[in-house]
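The values are calculated or read from the model by the stated rules, or taken from the named source; none is laboratory data. Note that the structure is predicted; figures quoted are calculated from it, not measured. So basically every Cβ, Gly included, is an ideal-geometry build from the backbone, and we count neighbours across all protein chains shown.
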Amino acid sequence: MNPTLRIGSSGSAVVLLQTLLNNAMPGRPKLVPDGMFGPATRARVVEFQISKGLVPDGVAGPATWAALGSSSVPGGTPLPGGNQPSTQGPPAVTPPPPAPSGSEAAARDRIVAFATKQYLDFGWHTNTSFSPSNPRIAGKRCSDPSTRKRQGGNQLFDIFTTAGAPGASRCHTLSLQAEAMYARSYSAQERNNTDIVSWCGIFALYCYIRSGLRLSNWPLKYSIGKPKAGDQFRIRGAGEQIQPGDIGIFEPSKGNHHFVVTAVAGDRVSSIDGNSGLLMEIVRKDNQYSIGQVRASGGGFLAPIWENVL
């Protein structure tokens, strides 16, 4: 019987878990099988759980082990040192207790899991087709010329209405004028007057609200400098550690792009981004932002003021 593993677990059982995850998800960046269950391993567990229809709690319990086929490493990378796992499983590891459901740690897990599931369910992946029955978002495309239905418009409408964003009534359809605009260069003002507003920050707020945080409607509420009483977010200082579940802001004076941080590895962050890609999509970006790059653009990272939102 393999032990239940979570953030903070270590040992040969974690090496086995990391190796099985690498073999189960060959298209993803390889985890280092170092025997330490950190944020990168937890994020990969969440991705695997979502892909198998399991509860995305980031904890490798009996259902996750069973889905991984943990008694062997089929056709994949051997364990370090040439040792193959025993069919009896690795020795027991005593994990730390789970985070309380109302805690910051649990809320961060929910945010990352929900944002990742949005990408898996509504991101514009390969081999997709434009169709009114396809729920995946490609906001710049019309899925049915006769009705002018926007590709993924129903999910966009849910994102806008949940976040209390303006212009939700435009989400379902794409006008001929807007379609022509997207075929050429356009300004942010023209876009806002012609079609839906930029929704990267709306998407981040949507992920927070759907993850159970008590937030007011659009916009994101934070202050430059010292937080004020009504703020729900604060800007992380230059020396602070960025954490999964934070919101990044890139080039605020230009594109003002927002994204949900899903993992942090050194100076690199992975994210789920709304209103991104060529077609106005939900996109997963693995290690594509550096913390220094974000801050050099004039941007930064927002952390919830937990006592105000839980």
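Only one of (1) free of Cβ contacts under 8 Å to residues at least 24 places away in the same chain; (2) surrounded by fewer than 15 Cβ atoms within 10 Å (Cβ to Cβ); (3) within 30 Å of Cys142 (Cβ to Cβ) fails for Glu251. Which number is that?
(1)
Could you check how many residues of the stretch 1-56 are of a type outside the set (Val, Ile, Thr), over 18 Å from Ala115 (Cβ atoms) and assigned to a helix (DSSP H, G or I)?
Final tally of qualifying residues: 10.
Are any of the residues in the stretch 291-307 among the polar types (S, T, N, Q), assigned by TED's automatic domain parsing to the domain that holds Gln232 and loosely packed, with under 15 Cβ neighbours inside 10 Å? Break it down into steps so the answer makes sense when it comes.
Going through the stretch 291-307, the residues among the polar types (S, T, N, Q) turn out to be 293, 297.
Filter once more, so that each one left must be assigned by TED's automatic domain parsing to the domain that holds Gln232: 293, 297.
Of the ones still in play, those that are also loosely packed, with under 15 Cβ neighbours inside 10 Å are none.
Looking for residues that are among the polar types (S, T, N, Q), assigned by TED's automatic domain parsing to the domain that holds Gln232 and loosely packed, with under 15 Cβ neighbours inside 10 Å, one finds none in the stretch 291-307, hence no.
Could you please give the count of residues in the stretch 118-140 that are modelled with pLDDT of 95 or more and at positive phi?
Here the count works out to 0.
So how many residues does the stretch 155-205 have that are surrounded by 14 or more Cβ atoms within 10 Å (Cβ to Cβ), out of contact with any strand residue (DSSP E or B) (no Cβ under 8 Å at 6 or more places or on another chain) and either among the charged types (D, E, K, R) or assigned to a helix (DSSP H, G or I) (or both)?
So the answer is 15.
Could you please find all residues in the stretch 265-305 being hydrophobic (A, V, I, L, M, F, W, C) and modelled with pLDDT under 95? Walk me through it before giving the result.
As a first pass, look at the stretch 265-305 and keep what is hydrophobic (A, V, I, L, M, F, W, C): 265, 269, 272, 278-280, 282-283, 291, 294, 296, 301-303, 305.
Ala265, Leu278 - these are the residues of the stretch 265-305 that are hydrophobic (A, V, I, L, M, F, W, C) and modelled with pLDDT under 95.
Can you pull out every residue in the stretch 1-56 that is closer than 25 Å to Ile272 by Cβ and among the charged types (D, E, K, R)?
Arg6, Arg28, Lys30, Arg42, Arg44, Glu47, Lys52
Please find, among Pro26, Pro39, Pro33, the residue that is crowded, with 16+ Cβ neighbours inside 10 Å and either within 22 Å of Thr126 (Cα to Cα) or under 17 Å from the mean Cα position of the chain (by Cα) (or both).
The conditions single out Pro39.
Specify which of the listed residues (Leu156, Leu213, Leu205) is of a type in the set (A, V, I, L, M, F, W, C), in contact with a helix residue (DSSP H, G or I) (Cβ under 9 Å, 6 or more places away or on another chain), modelled with pLDDT under 95 and closer than 20 Å to Ala115 by Cβ.
Details: Leu156 fails: modelled with pLDDT under 95; Leu205 fails: modelled with pLDDT under 95.
So the residue among Leu156, Leu213, Leu205 that is of a type in the set (A, V, I, L, M, F, W, C), in contact with a helix residue (DSSP H, G or I) (Cβ under 9 Å, 6 or more places away or on another chain), modelled with pLDDT under 95 and closer than 20 Å to Ala115 by Cβ is Leu213.
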